[in-house]
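The values are calculated or read from the model by the stated rules, or taken from the named source; none is laboratory data. Remember, it's a predicted structure, so these values are computed and weren't measured experimentally. As a convention, Cβ positions derive from the backbone with ideal geometry for all residues, glycine included, and neighbour counts pool all protein chains shown. Heads up: the accessible areas ignore ligands, DNA and RNA and are worked out on the full protein's heavy atoms, side chains in. Shrake-Rupley method; radii C 1.70, N 1.55, O 1.52, S 1.80 Å.
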Amino acid sequence: MTSRLLIITGIIFIFTLTQSRAQEITGFWEVTKVSMQGQTMTPVAKWTKINTDGTYQTGNGWLQNAVGTWTYDAASHTFSPEETNGITDEFGPFTVSFQNESMIWKRMEEGAEVTVELQQIEQLPMSTADQIKGLWDLSAITESGEDITSAFDPNGLYYLFIRWDRIYQGRNPKGENMSGYWHINGHRPEITLLSHTRGKEPQSWRVVVSENELVLSGISDSNKNMVMTFNRIDQFPE
């Protein structure tokens, strides 16, 4: 009787421990750091929502880009997400640990250890792509530190409209309409504008954005040393 009671107690303990660890893993998490071989490669505003029903969603900023199912092995402390709308993950489960307020995943990928650090959040994080959407009016432009606003845009015509569907529109200093596609780097705050005008070279810019101001610093050969500053507006300029 005593032996049977010990066995039952052990089973209950193991089940409780498994459930406890699974509950620690569930929740809404933001990836705060991804590192491999001493290098940091953290994606911008990466998040995952691990649900108690064994499903999860993940995305970047306000864009959800994956769904799937997950399992947790209490004996090996491993977490196995399986995406149901993407490419099969060939690297296997993550070993899970907790440090202070962070959850830490580790596994080997192509012979190197990858470490992912996550922290619980309550709201979707905003990415650079989310912040830059909207209507922006050029307020200043410098080249090699010199203000060239009056020469570049003497009539104050230049503006950009960065749309949610990855199209940008605007008006150049000559009063001509311009448009194209915009692309955001997934790991750095950099935007590339690909004009619809045939023969025009793409331009990449480093982005600093706040609620009401957008600063683009040129990083392509054609716009190096140029910095464009915009103010957010809510009506198209005349």
Formal net charge of residues neighbouring F152 (Cβ-Cβ distance under 15 Å; K, R +1; D, E -1): -4
With the dipole of the chain defined by +1 on each Lys or Arg Cβ and -1 on each Asp or Glu Cβ, the option from I167, S127, F94 whose Cα lies farthest towards the positive pole is F94
Going by alpha carbons, how many degrees (0 to 90, nearest 10) lie between the helix axis of 2-25 and the longest principal axis of the chain? 0 degrees
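Percent of accessible area on the chain owned by carbon and sulfur, 1.4 Å probe?
50 percent
Averaged per residue, what accessible surface does the chain expose to a 1.4 Å probe, in Å²?
On the way: 14740 Å² over 238 residues.
Accessible area per residue: 62 Å².
Tell me, which longest segment in the chain has none of the chymotrypsin sites (Phe, Trp or Tyr not before Pro) that fall in DSSP loops with at most 13 further Cβ atoms within 10 Å? Provide the component values of the computation, followed by the final result.
Numbers: sites that count: F91, W164.
It runs 1-90.
Could you rank M228, M126, M178 by how accessible they are, 1.4 Å probe, largest area first? If you can, show how the numbers build up before the last one.
Working: M228 10, M126 95, M178 35 Å².
Most to least solvent-accessible, the answer reads M126, M178, M228.
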About its Cα centre, what dipole magnitude does the range 128-232 give when the only charges are +1 on Lys and Arg Cβ and -1 on Asp and Glu Cβ, stated in debye to the nearest 20? 380 debye
For E109, what accessible area in Å² do you get when you roll a 1.4 Å probe over the heavy atoms of the protein chains, rounding to the nearest 10? 40 Å²
Cα centroids of the range 208-238 and the range 69-95: how far apart, whole angstrom? 42 Å
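What ranking of K46, K174 comes out by heavy-atom accessible area, probe 1.4 Å, highest first?
If we order K46, K174 from most to least accessible, we get K174, K46.
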Can you flag which of K133/K174; K49/K133; K33/K133; K33/K106; K49/K106; K33/K224 are past 21 Å Cα-Cα? K133/K174; K49/K133; K33/K133; K33/K224
